[in-house]
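Undergrad: Structure below; questions to follow.
The values are calculated or read from the model by the stated rules, or taken from the named source; none is laboratory data. Only a predicted model underlies this, so the values are computations on that prediction, with no experimental measurement involved. Cβ sites come from the backbone with ideal geometry, for glycine too, and all protein chains shown count toward neighbours.
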Amino acid sequence: MKSLLKATVAAIAFAAAGSAANAADVKACFVYVGPVGDFGWSYQHDQGRLAVEEKFGDKVETAYLESVPEGPDAERAIERFAREGCDIIFTTSFGYMNPTIKVAKDFPDVKFEHATGYKTAENVATYNSKFHQGRYIIGQIAAKQSEAGVAGYIASFPIPEVVSGINAFMLGAQSVNPDFKVKVVWVNTWFDPGKEADAAKALFDQGADIITQHTDSTAPLQVAQERGMKGFGQASDMIAFAPDAQYTSIIDDWAPYYIHRVQEVLDGTWESHSSWEGLAEGHVVMAPYTNLPEDVVEMAKATEAKIKDGWEPFTGPITKQDGTVAAEDGVRLDDGAILGMNWYVQGIDDQLPQ
Amino acid sequence: MRIELVKRKEHSEVMVFLSPVIAVLLTALTAGIIFALSGLNPFEALYKFFIDPLTQTWSLEDTIAAATPLVLIACGLAVCYLSNNWNIGAEGQFVVGALFGSFLPVMLPGFESFLTLPLMLVCGMIGGALWALIPAFLKTRFNTNEILTSLMLVYVASLLLDYLVRGPWRDPDGFNFPESRIFSDAATLPSIPGTSISMATVITIGIALVLTVILTKTLKGFEIRVMGQSPRAGSFAGFSSKRLSLFAFGLSGALAGLAGIMVVSGEMNQLQPTISPGYGFTAIIVAFLGRLNPVGIIVAGFVLALSYIGGEGVQSAMGVSDKIASVIQGLLLFFVLACDTLILYRIRFSSRRAPASAEVSHV
Amino acid sequence: MFEAVLLTVITAATPLLIAALGELVVERSGVLNLGVEGMMIMGAVVGFAIANLTGSGALGVIAAIGAGMAMSALFGFLVLVLVANQVATGLALTILGLGLSGMIGEAFIGVPGLRLPELYIPGLSDIPFIGPVFFQQDAIVYLGFALVIAVTYVLFRTRAGLILRSVGDNHGSAHALGYSVIKIRFMAVLFGGACAGLAGAYMSLAYTPQWVENMTAGRGWIALALVVFASWLPLRVVIGAYLFGAVSVLNLHAQALGLGIPSQFLSSLPYIATIAVLVLISANRRLTLVNTPACLGKPFVPDR
């Protein structure tokens, strides 16, 4: 039995060596939580993968696994890539964090990159984008454009990233109109076009005239288009689905990061880090400002430029919903406070699920 | 030409073994055509899909790990289905079992003793059983259709898990991310020393064997089968269909709950908003493919797990989309179900028109 | 406000209503097809694809119906001709449908869809409240209501309906009377497939005019529950579909009002409500036993 095992191991090692010799210099592998056809989160990550292929040609080989549910399957999928000779593995969902760390321990020579988490190791880096920067800008636009003074927010799950997005949106809006109102609806899904559309309708029916979303489908914007209302895209440019309704869209562009990190693996300079970049580095991109008057476009562009110059939307004065002060005037919240945010700013018409 | 089924006098022993083989061959043939149409080398793809996972230790272990919860849940479901109790909510029982079992390591993380793990497993079984007893109780008391109630409770269970993991059971050191704290070593289900095969597999095989004995050699097994085939005859023999419903649901819920806590404790080491890739539903298919027989279920669970692991294999090696993998799984099931007909029936092709009286020309 | 909520409820209820009606006919004939989700998603993708390629919503709808029927024919062949287990075959149909629709739909991701036009009836559509609610919907909504009337009429007022129900209640005697049980059931299964396909087309051409994988998101399962909820009576399917639609829409409204109830609790309300109503209905034995097809899920093989 033992010798059989040995023979098998040897055969695998041989096979692995054989394939490495005539294949590309680096193999980059990606694990997605949704189907690449969701036109949202996983779709954008796959666009990043395709950009890597295009940039490096034969030098880099890529592979991906889609629709890998968080849970027991995740660890197996990540481990498969580690065994199959991937040099760098991108795991693109928060729930993959502990499986990634676990597998990384057994494969010290493989580099791992986990999106949206907080645990790192010698061979595990984390990366995320400052989406809240874009949300501040669209908050400003919403407050300028809304006649009702009320915006609707379709939220997925009360995780810090979503909460900080709602707060950034509100802070942006309040910078224009201190009395601005935001109505929040939690749909408890990242992706259910029907439910998202219903939520958009409910928000419009309750008096919002602009909506924004932290869910993945284009359905809410389509509702806005039909009703002659306005909204903002999410993850990708959704202008094709709502040519008259979309003001702009907060695009996740993973391509620069993926290309940069794969290049470092090629050069042998890869090191673990925690990357959290935004508009300045092009990891978050604003889609063209459309359906807007000139002065609002100017304002949005000015804010975008200010953020790119290093200004942080979460700069005081910030008051929490319960009236306590989160940041004094001119004080900037530290990264940890933003990444772990579990409170609303004052003025939001909702109670945070605890 | 017409296709006619002619019932065999006895079910064909040859076909019992031959029908799955025919089904796999037909699947391979169809899958090969699909691969070829997608511009891939069908032989390479088929090899990657069905054979490659068997040739390497790690992929074989992965397959066994994936098969374990499927087999355990399906064993319980078999008892339900044999006795005419249509529990299709095992997914929810799996989740609630995991929740009950996780109470100790999440709420009392300091309690680390040799008792921790056994207590967790027992709690998991109790949780799954309680959740399963809801549809059973509604069925016996109010005559409510158990297919629907057990299914509805799946959604409720996963929302309950979601609520706990995002709220009260959230890891206090986890920056408000939706996950529980990580279980201590005392709360982690170990592997068989020297291998990476989990204790869960051993427990599962043990339970499957015990269940085989119960079903074939004991009065309880007789009662289950009689009540499934003919409840009237059973009631003459003094069996109570209500008590049996409660028993079957309770047992299958307990096994699903055990599977849940073993996956969480052995593989994930924490609770997350999703803890099952649909094990509870896939197990229904495993139960039928295994012909509601624990030994058959072990084989069926392995084959289905193989199709998942193999599907991932072709996806990663050849860039085949995971949609093709699920199409092939669907086809495999269809062919197996279709070929099983051959066990009980012979197929006769005849050109004879059926008597006109047996037909209705309009509906 | 009430009018607006009602409009949202109509859209949310229509796919459930249509798919459940089809399944109701299938179950009345004594067959349990758990593959509604698979047939529905195939209807959604094929409907979207054909409407997009031809530019005609009507052709899309017809193609969707065809796709649903093709899937149901596969199911019918297995469970009726080859006497395969209905529960397992239905589940397999769903797996196949989800995979196949993903493959077919790959080319249509991110493509803006065609929206079925809302019918406008001069005069009627302009009446306040009644006009927008009853006379400004797309054709499928009306088709749904027409189906309710047609199915009720055919099932309970015609000979064909009587035969269908007798096949579902006692296939042995129906066969003895000279009816072809298999043939009648096959027609019912095909009808169920057509309805599921139509419901899918409603998803991808009217509800949310786009194609994304898995877009039916479990609505086929809800439709199955509605059939039992309705104790196999078409008019009650309407009530059930609208009740379910209303509860899920009101959940979103309750949140937008800022009531501060955990959203998971609100999201689980439709399911808990369904269980509660199921219990209430089935506790009344007279009601359920009369309408439950006695041969539901039992295979039939003619002895020759």
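Undergrad: For residue A:162, all conditions in the list (1) in a strand (DSSP E or B); (2) of a type in the set (A, V, I, L, M, F, W, C); (3) within 14 Å of chain B (Cβ to nearest Cβ) hold save one; what is the number of the exception?
TA: Exception for residue A:162: condition (1).
Undergrad: So, one more: If I ask for residues that are in a helix (DSSP H, G or I), at pLDDT 90 or above and among the small types (Gly, Ala, Ser), which ones from the range A:64-97 would you list?
TA: A:74, A:77, A:82
Undergrad: May I ask you to list the residues in the range A:319-354 that are facing another protein chain (nearest Cβ under 8 Å) and under 30 Å from residue A:119 (Cα atoms)?
TA: Those that are facing another protein chain (nearest Cβ under 8 Å) and under 30 Å from residue A:119 (Cα atoms): A:336, A:339, A:340, A:341, A:342, A:351, A:353, A:354.
Conditions tested, residue by residue: (1) more than 14 Å from chain A (Cβ to nearest Cβ); (2) over 30 Å from residue C:167 (Cβ atoms).
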site	(1), (2)
C:3	no, yes
C:7	no, yes
C:12	no, yes
C:16	no, no
C:22	yes, no
C:26	yes, no
C:43	yes, no
C:58	yes, yes
C:68	yes, no
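Undergrad: In addition: Residue B:305: surrounded by fewer than 24 Cβ atoms within 10 Å (Cβ to Cβ), assigned to a helix (DSSP H, G or I) and within 10 Å of chain C (Cβ to nearest Cβ), yes or no?
TA: no
Undergrad: Still on this structure, please answer the following. Could you say which residue among B:224, B:284, B:297, B:261 is buried (at least 21 other Cβ atoms within 10 Å of the Cβ), facing another protein chain (nearest Cβ under 10 Å) and of a type in the set (Val, Ile, Thr)?
TA: Criteria check complete, one pass: B:284.
Undergrad: Of all residues in the range A:185-226 being in a strand (DSSP E or B) and either of a type in the set (Ser, Thr, Tyr) or more than 7 Å from chain C (Cβ to nearest Cβ) (or both), which is farthest from residue C:215 (Cα to Cα)?
TA: This residue is A:210.
Undergrad: Looking for something of a type in the set (S, T, N, Q) and closer than 30 Å to residue B:249 by Cβ - is there at least one such residue anywhere in the range B:65-83?
TA: yes
Undergrad: Identify, from the list B:6, B:24, the residue that is touching a strand residue (DSSP E or B) at 6+ places or on another chain (Cβ under 8 Å), farther than 24 Å from residue B:208 by Cα, in contact (Cβ under 8 Å) with a residue 40 or more places away in the chain and surrounded by fewer than 21 Cβ atoms within 10 Å (Cβ to Cβ).
TA: That would be B:6, the only listed residue that is touching a strand residue (DSSP E or B) at 6+ places or on another chain (Cβ under 8 Å), farther than 24 Å from residue B:208 by Cα, in contact (Cβ under 8 Å) with a residue 40 or more places away in the chain and surrounded by fewer than 21 Cβ atoms within 10 Å (Cβ to Cβ).
Undergrad: In the range C:175-196, how many are farther than 30 Å from residue C:221 by Cβ and assigned to a helix (DSSP H, G or I)?
TA: Summing the residues that are farther than 30 Å from residue C:221 by Cβ and assigned to a helix (DSSP H, G or I) in the range C:175-196 gives 2.
Undergrad: If you take the residues of the range C:166-179 that are of a type outside the set (Asp, Glu) and under 18 Å from residue C:32 (Cα atoms), which of them is nearest to the other protein chains (Cβ to nearest Cβ)?
TA: C:167
Undergrad: Filter the range B:153-174 down to residues that are surrounded by 16 or more Cβ atoms within 10 Å (Cβ to Cβ) and free of Cβ contacts under 8 Å to residues at least 12 places away in the same chain and give me whichever is nearest to the chain's Cα centre (by Cα).
TA: If we take residues in the range B:153-174 being surrounded by 16 or more Cβ atoms within 10 Å (Cβ to Cβ) and free of Cβ contacts under 8 Å to residues at least 12 places away in the same chain, then B:159 is nearest to the chain's Cα centre (by Cα).
Undergrad: Taking residue A:147 as meeting all but one of (1) assigned to a helix (DSSP H, G or I); (2) of a type in the set (D, E, K, R); (3) surrounded by fewer than 20 Cβ atoms within 10 Å (Cβ to Cβ), write down the number of the exception.
TA: Here residue A:147 clears every test but (1).
Undergrad: In this structure, does residue B:328 turn out to be within 13 Å of chain C (Cβ to nearest Cβ) and part of a helix (DSSP H, G or I)?
TA: yes
Undergrad: Can you tell me which residues in the range C:202-221 are touching a residue at least 60 places away in the same chain (Cβ under 8 Å) and of a type in the set (A, V, I, L, M)?
TA: Residues satisfying the conditions are C:203, C:205, C:206, C:212, C:215.
Undergrad: Same structure, new question: Give just the number: which of (1) in contact (Cβ under 8 Å) with a residue 60 or more places away in the chain; (2) surrounded by fewer than 24 Cβ atoms within 10 Å (Cβ to Cβ); (3) in contact with a Phe, Trp or Tyr (Cβ under 8 Å, 6 or more places away or on another chain) does residue C:74 not satisfy?
TA: (1)
Undergrad: Name the pairs whose Cβ atoms lie under 8 Å apart, with the first residue in the range C:172-201 and on the phi > 0 side of the Ramachandran plot, the second part of a helix (DSSP H, G or I) and surrounded by fewer than 22 Cβ atoms within 10 Å (Cβ to Cβ), and 6 or more positions between them or separate chains?
TA: C:178/B:357; C:178/B:358
Undergrad: Taking residue B:158, is it of a type in the set (Gly, Ala, Ser) and within 12 Å of another protein chain (Cβ to nearest Cβ)?
TA: Yes; evaluated as a whole, the condition is true for this residue.
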